[in-house]
Every structure is written in C-alpha cells, then in structure tokens.
Amino acid sequence: MSRLDSMLRRLAAQRDGLNWAAAEIAGRPGDVLDLGLGNGRTYDHLREILPGRRIWVIDRVLQCHPSCTPPEADFLQGEAAPMLRRLAERGVRVLLAHYDFGSGIKENDVAEAARLSPLIAQVMAPGGVIVSGQPLTGLRQVTGPDSIAPERYLFYRT
C-alpha cells in the first residue's frame, strides 16, 4: 500500500472513529480532550460534531491553521504528562479523548502511549471513550465502528 493510500485510510478511520465516539457519548455531559493538535483538523472536526462541549487540547507547540486555534484557556502547551496531571488536579473529567501523538517511529510512539496511559485514565470520566491511533495500556479495549479495519484505530472505554 502506498503511503498516500495509507494516509487516506488513517484519516477516514480517524473521522469514522470520532463520529462513532461522539454518538456513544450523546446526551451525556462532559468535556473532550484532544491529545495532539497538529494542524488542527481533528480539533476542528470535534468542534463540529460536539458543539457546545469544552475541548481541552494538549500539544508541545501551537502550530495549527489559524481557523483551528483553540481558546487560550483550553490549550495546554507543553509535554503531555505534566499537562495531564494539571487537568487531573483541576478535577477535569473527560468523556471523550482522542490520542494522536506520534513521531512516526512505531516503537517510540507505542512506548509514549504506554507511559501516558495511566495519566489519561486519571482524567477520564466513568464510561468515557478514547479513540487512539496507538495502543494504550491498562484500559478496556472495545470494538469501534465496522468501517475501520482491526488495529487501524483503537477504541477504549473507561
């Protein structure tokens, strides 16, 4: 599979997974967490499918498209571990999280996801849903939408 086809498959899986997760939490109050802002495409999609919800964003740098910049109060800039601890200390409980950190080096990305998993779990509300591009540890994996190939995107419930 070409890298272009792989990217298209990943983006479609991401969109389908986020839409599925939004339907899973419909009618329940709670915040959203986007781990990895990047250029802001996912954040923009979350705003569209979850209007009225607070969307926390964590990333090392703010380098997104200007139309996708989160409000200053909702953007936590820096390394993920201390930012997740800060959210936990504030008592923030997230109903839907999207994990999209990655350098493209699989073994490094898997190790980072494993290291951050307990911190992500601390901010999740009971019954919350996590959509992840990397395997997380210590969380209950569930089956996501049928449109996504197994292991292409991963889904967890707390």
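The values are calculated or read from the model by the stated rules, or taken from the named source; none is laboratory data. It should be emphasised that the depicted structure is a prediction, and the values quoted were computed from it without experimental measurement. Neighbour counts are summed over all protein chains in view; Cβ atoms, including those assigned to glycine, are modelled from backbone coordinates with ideal geometry.
For I120, indicate whether it is touching a residue at least 40 places away in the same chain (Cβ under 8 Å) and closer than 20 Å to D31 by Cβ. Outline the logic, then answer.
On the way: touching a residue at least 40 places away in the same chain (Cβ under 8 Å): yes; closer than 20 Å to D31 by Cβ: yes.
Criteria met by I120.
Condition check ((1) at pLDDT below 95; (2) over 15 Å from the mean Cα position of the chain (by Cα)) across all residues:
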{"residue": "M1", "(1), (2)": "yes, yes"}
{"residue": "D44", "(1), (2)": "no, no"}
{"residue": "P71", "(1), (2)": "no, yes"}
{"residue": "V92", "(1), (2)": "no, yes"}
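Give the residue that is farthest from C68 (Cα to Cα), with candidates limited to residues of the stretch 1-52 that are among the polar types (S, T, N, Q) and crowded, with 18+ Cβ neighbours inside 10 Å. Step through it out loud before you land on a result.
Initially, the stretch 1-52 is screened for residues among the polar types (S, T, N, Q), giving 2, 6, 14, 19, 39, 42.
Applying the additional criterion that residues be crowded, with 18+ Cβ neighbours inside 10 Å yields 14, 42.
Numbers: Q14: 17, T42: 9 Å.
Ranking the candidates gives Q14 first.
Kindly provide the set of residues from the stretch 118-139 that are within 11 Å of A97 (Cβ to Cβ) and either in contact with a His (Cβ under 9 Å, 6 or more places away or on another chain) or surrounded by 19 or more Cβ atoms within 10 Å (Cβ to Cβ) (or both), ordered by number.
Answer for the stretch 118-139, where residues must be within 11 Å of A97 (Cβ to Cβ) and either in contact with a His (Cβ under 9 Å, 6 or more places away or on another chain) or surrounded by 19 or more Cβ atoms within 10 Å (Cβ to Cβ) (or both): I120, A121, V123, M124, G128, V129, I130, V131, S132, L136, L139.
Which of the numbered conditions does M1 fail, given that it passes all the others? Conditions: (1) farther than 20 Å from I148 by Cα; (2) part of a loop (DSSP other than H, G, I, E, B); (3) among the hydrophobic types (A, V, I, L, M, F, W, C); (4) out of contact with any helix residue (DSSP H, G or I) (no Cβ under 7 Å at 6 or more places or on another chain).
Unmet condition: (1).
Could you figure out which of (1) in a loop (DSSP other than H, G, I, E, B); (2) closer than 21 Å to V123 by Cβ; (3) of a type outside the set (G, A, S); (4) in contact with a His (Cβ under 9 Å, 6 or more places away or on another chain) isn't true of P29?
All conditions are met except number (4).
Search the stretch 53-75 for residues being out of contact with any Asp or Glu (no Cβ under 8 Å at 6 or more places or on another chain) and of a type in the set (A, V, I, L, M, F, W, C), and hand back the single one that is surrounded by the most Cβ atoms within 10 Å (Cβ to Cβ).
Going through the qualifying residues, I end up with C64.
What pairs can you find where one residue is in the stretch 18-34 and touching a residue at least 24 places away in the same chain (Cβ under 8 Å) and under 14 Å from R157 (Cα atoms), the other is of a type in the set (S, T, N, Q) and part of a loop (DSSP other than H, G, I, E, B), and their Cβ atoms are less than 9 Å apart, with a gap of 6+ or different chains?
Listed pairs, sorted by first residue: W20/S147.
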